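Student: Here it is: the structure, laid out below.
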Amino acid sequence: RIAILEDVMNPTNVGAIFRSAAALGMDGILLTSASSNPLYRRAIRVSMGTVFQIPWTFMDSQMSWPEPAVGRLHEMGFKIAAMALDDNSVSIDDPQLVHEEKLAIVLGTEGDGLAANTIADCDYTVKIPMYHGVDSLNVAAASAVAFWEMRRR
């Protein structure tokens, strides 16, 4: 299980995502070049140092996002799940997600979420069911829910 952060710019959110990834069994994190650096002091502090426990890297010009990175992930056997508020989404507790051998969970930037072409390139579009008229969660909170639900059991 890996997480992909698409343009997550706030170091506090990046740090919180790393902390959740470490706590909930993610194997690694890929970041797009517009994402905040996990080695920023604020990100390290919020992560409680887990940025040093989880393997991570920025995607570079040779592996830019979404293409050719999506194609390369598919070649490596990954199914890709885009976390997005979309009418064609499956619920985060869909049993098929848990049964995927290799799963990459894509989380988008604060405010705008994932780019439309990213969502189109993914195998699944996944959303967290909401109640009481709440439409979404902060990306860091959503990551914790996603990592818990989609963990390997």
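The values are calculated or read from the model by the stated rules, or taken from the named source; none is laboratory data. All of these numbers come straight from a predicted model, not from anything done at the bench. Ideal geometry is used to build each Cβ from the backbone, glycine not excepted, and the neighbour counts take in all protein chains shown. These accessible areas exclude ligands, DNA and RNA; they are computed on the full protein's heavy atoms, side chains included. Shrake-Rupley method; radii C 1.70, N 1.55, O 1.52, S 1.80 Å.
Student: Of the residues that sit in the stretch 17-35 and are of a type in the set (S, T, Y) and more than 16 Å from V145 (Cβ to Cβ), which one is modelled with the lowest pLDDT?
Tutor: Here the answer is S33.
Student: Here's another thing I want to ask about it. Among the candidates V90, V70, V14, which residue alone is farther than 30 Å from Y131 by Cβ and open to solvent by less than 50 Å² (accessible area, probe 1.4 Å)?
Tutor: Answer to the selection: V70.
Student: Let me ask another. Evaluate the following for I29: is it surrounded by 23 or more Cβ atoms within 10 Å (Cβ to Cβ) and outside any loop (DSSP other than H, G, I, E, B)?
Tutor: yes
Student: Are there any pairs with C-beta distances below 8 angstrom linking a residue in the stretch 42-66 that is farther than 26 Å from N117 by Cα and among the hydroxyl-bearing types (S, T, Y) to a residue that is open to solvent by less than 60 Å² (accessible area, probe 1.4 Å) and assigned to a loop (DSSP other than H, G, I, E, B), with the two at least 6 apart or on different chains, and if so which?
Tutor: Listed by first residue and then by second, the contacts come to S47/P38.
Student: Moving to a separate point now. Within the stretch 24-33, identify whether any single residue is of a type outside the set (D, E), touching a residue at least 60 places away in the same chain (Cβ under 8 Å) and out of contact with any strand residue (DSSP E or B) (no Cβ under 6 Å at 6 or more places or on another chain), and answer yes or no.
Tutor: Within the stretch 24-33, one or more residues are of a type outside the set (D, E), touching a residue at least 60 places away in the same chain (Cβ under 8 Å) and out of contact with any strand residue (DSSP E or B) (no Cβ under 6 Å at 6 or more places or on another chain).
Student: Here is a list of conditions, (1) open to solvent by 20 Å² or more (accessible area, probe 1.4 Å); (2) farther than 23 Å from D135 by Cβ; (3) assigned to a loop (DSSP other than H, G, I, E, B), and I54 meets all of them except one; can you say which number that is?
Tutor: (1)
Student: For the stretch 77-131, give me the residue count where each residue is among the hydroxyl-bearing types (S, T, Y) and assigned to a helix (DSSP H, G or I).
Tutor: The total comes to 1.
Student: Within the set of pairs 6 or more residues apart or between chains, which connect a residue that is in contact (Cβ under 8 Å) with a residue 60 or more places away in the chain inside the stretch 99-126 to a residue that is hydroxyl-bearing (S, T, Y) with Cβ atoms less than 6 Å apart?
Tutor: Filtered contacts from the stretch 99-126: L107/S143.
Student: Under the condition of being of a type outside the set (A, V, I, L, M) and within 11 Å of the chain's Cα centre (by Cα), which residue from the stretch 137-153 is farthest from E110 (Cα to Cα)?
Tutor: The selected residue is F147.
Student: A further question follows. Based on what the data block shows, is W65 open to solvent by 30 Å² or more (accessible area, probe 1.4 Å), in contact with an Asp or Glu (Cβ under 7 Å, 6 or more places away or on another chain), under 25 Å from G15 (Cβ atoms) and not aliphatic (A, V, I, L, M)?
Tutor: Yes.
Student: Restricting the search to the stretch 39-51, which residues are open to solvent by 90 Å² or more (accessible area, probe 1.4 Å) and either assigned to a helix (DSSP H, G or I) or in contact with a Leu (Cβ under 7 Å, 6 or more places away or on another chain) (or both)?
Tutor: R41, R42, R45
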